[in-house]
Structure formats: structure tokens, C-alpha cells
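Read through the structure below, which is laid out as C-alpha cells, and then see the notes.
Please treat every number below as a calculation from the coordinates, not as lab data. These numbers come from a predicted model, not from an experiment. Every residue, glycine among them, receives a Cβ derived from its backbone with ideal geometry; neighbour counts consider all protein chains shown.
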Amino acid sequence: MELILIRHGETKEGKKGILLGQLPGTLTAKGRRFADEVGRVIAGFSYRSPLIIASDLERSKETARAIARITHAPLKCDRLLRERNGGIDEGKKESQINWKEYERRPLAYRRHEGGESFADVKKRASAFLEKIQKEKHSPIIIVSHQALISTLLSELFGWSYPKALKFDLKNKLVIVNTKKREWTKSHSRLRIVLVDMRVSLLGYYRVQLMSNNITNHGTSIDRK
């Protein structure tokens with residue numbers, strides 16, 4: 001089975017530095033173009049029986065609907081794929097949040113008051129993987145959010161929280177392929193392919209083959 005992991009397109013709120021959490025969010029024109037382009041790339045793969053499962057938050061649904069329209073894949077939504085609950089800080093600009101208080105806890109257990117920790121989100125990711133074990137469709141195209149996809153990768157590959165949260169998902173498709181459905185029990189059998197949606201100077205998408213021993217570089221999203 002293949003999983004194609006996609007973070008929703010750019011949002012108007014994200015451009016303003018607003019912590020959305022489980023608020024709906026609205027795609028920008030750039031975010032909508034990204035969704036259309038992802039749909040065209042996936043359609044070009046000529047999959048026989050793809051299925052799209054999206055977070056039920058509007059920014060993910062809008063991204064997923066564009067992909068479904070172009071690929072003609074069925075689409076359903078699942079609350080397990082929601083972004084991390086940001087508690088009382090949802091809707092605030094990042095400059096308005098008390099990060100000193102937030103960062104007192106270990107990374108896995110950091111939470112905004114009334115919200116979820118990364119460990120909580122990872123439990124949802126694990127429950128989702130268990131839920132789709134019996135799916136006959138392949139690939140399953142997952143349209144979700146940064147924290148959920150990061151913790152899902154942590155669950156799949158056994159990555160630490162710091163490593164998973166540095167995994168850059170913007171403008172990329174992450175394709176996870178395994179011949180075994182019990183992927184969480186056999187990390188070494190998993191492989192990832194990154195398709196960078198930013199077109200290179202040669203007019204091609206950059207494709208990078210990666211294995212479980214990948215070393216990630218980037219800025220952690222642990223403050224999101």
C-alpha cells in the first residue's frame with residue numbers, strides 16, 4: 001500500500017502569523033494553485049484505485065476537493081486527521097502567545113492551555129493508521145496538517161519528536177510505500193519519496209528518494 005501525505009495549501013491566516021489549530025482556515029490564491037498542481041501531479045501517476053481521506057477542517061477539505069476534482073478519486077473526511085488543538089491560543093497571532101510558559105514542558109507534552117500535546121496528536125495518528133489497515137484502495141491520499149503528518153511519520157518510522165517536527169512539509173508530496181500493511185511493526189521496510197512541488201530551473205519537479213535513516217534539517221514546528 002502507498003500513502004501520499006499532503007499538507008493543506010497556504011492559508012490567509014497563516015500568512016498573518018495566526019495560530020489556527022482546529023479553526024477552519026481559508027486558502028490563499030497560492031494555496032488553491034498548489035492544490036490544483038498536486039491534483040495534476042497525482043493524476044499523472046495513473047493510479048488505479050486511489051482514495052482521498054482529508055481532515056474535516058475547511059482548509060484541508062478545500063485542498064482535498066481540488067485534488068479529487070482533478071484525479072476523480074473518491075473523497076471522505078476523518079476527524080482523526082485534524083490539526084493539533086491549540087486551546088485558548090487558537091485565533092491569536094504568534095506574537096500574542098506566552099511561549100515561555102508553553103515551553104516549560106518537555107517537547108512531546110507541550111500544549112496550549114485547553115489544547116492537545118504532540119503526544120496526544122500522535123495517538124490520533126496511530127489510531128488513524130490502525131483504522132485504514134483494512135482499506136482496499138491504494139494509494140490513500142491523506143490531506144492533513146503539519147503536526148498530524150509529522151507525528152504520523154514519527155509513528156511510521158520510529159522518529160523522535162524533534163526529528164519528526166523538523167520535517168518540512170510545505171510544497172511537497174510525501175509518498176510512503178510498503179508491501180506490508182503492518183507498517184508500524186517493520187520500520188526498515190518503509191521508504192519515502194519526496195516530490196518537491198517547487199519546479200526546478202529545468203522545469204521538472206525535484207524528486208528525492210529517502211530511507212528510514214534520513215537526517216532531517218529544518219526549523220522545528222514545536223511552537224505551532
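Among the helices (runs of 4 or more DSSP H) confined to the range 104-184, the ones with at least 2 residues that are within 21 Å of residue 68 (Cα to Cα) are located at 146-157.
On the basis of being closer than 16 Å to residue 54 by Cα, among the small types (Gly, Ala, Ser) and either loosely packed, with under 13 Cβ neighbours inside 10 Å or under 13 Å from the mean Cα position of the chain (by Cα) (or both), does residue 154 make the cut? Here the answer is no, as residue 154 does not meet what is asked. Taking each residue of the range 75-95 that is within 17 Å of residue 117 (Cα to Cα) and in contact (Cβ under 8 Å) with a residue 12 or more places away in the chain and looking for partners that are among the acidic types (Asp, Glu) and part of a helix (DSSP H, G or I) with beta-carbon atoms closer than 9 Å, six or more apart or interchain, yields 84/120; 85/120.
For the range 54-73, filtering for residues that are of a type outside the set (D, E, K, R), in contact with a strand residue (DSSP E or B) (Cβ under 6 Å, 6 or more places away or on another chain) and without any contact (Cβ under 8 Å) to a residue 60 or more places away in the chain leaves 1. Of the numbered criteria (1) touching a residue at least 40 places away in the same chain (Cβ under 8 Å); (2) surrounded by 15 or more Cβ atoms within 10 Å (Cβ to Cβ); (3) within 22 Å of residue 132 (Cβ to Cβ), the one residue 49 fails is (2). Restricting attention to the range 11-39, the residues being surrounded by 15 or more Cβ atoms within 10 Å (Cβ to Cβ) and touching a residue at least 40 places away in the same chain (Cβ under 8 Å) number 10. Kindly provide the set of residues from the range 69-111 that are surrounded by fewer than 20 Cβ atoms within 10 Å (Cβ to Cβ), within 30 Å of residue 45 (Cβ to Cβ) and over 15 Å from the mean Cα position of the chain (by Cα), ordered by number. Correct list: 69, 70, 72, 74, 75, 76. Within the range 67-103, being among the polar types (S, T, N, Q) and either assigned to a loop (DSSP other than H, G, I, E, B) or within 17 Å of residue 147 (Cβ to Cβ) (or both) holds for 85, 98.
Taken over the range 127-151, the criterion of being crowded, with 17+ Cβ neighbours inside 10 Å, more than 22 Å from residue 35 (Cα to Cα) and more than 15 Å from the chain's Cα centre (by Cα) is satisfied by 132 alone.
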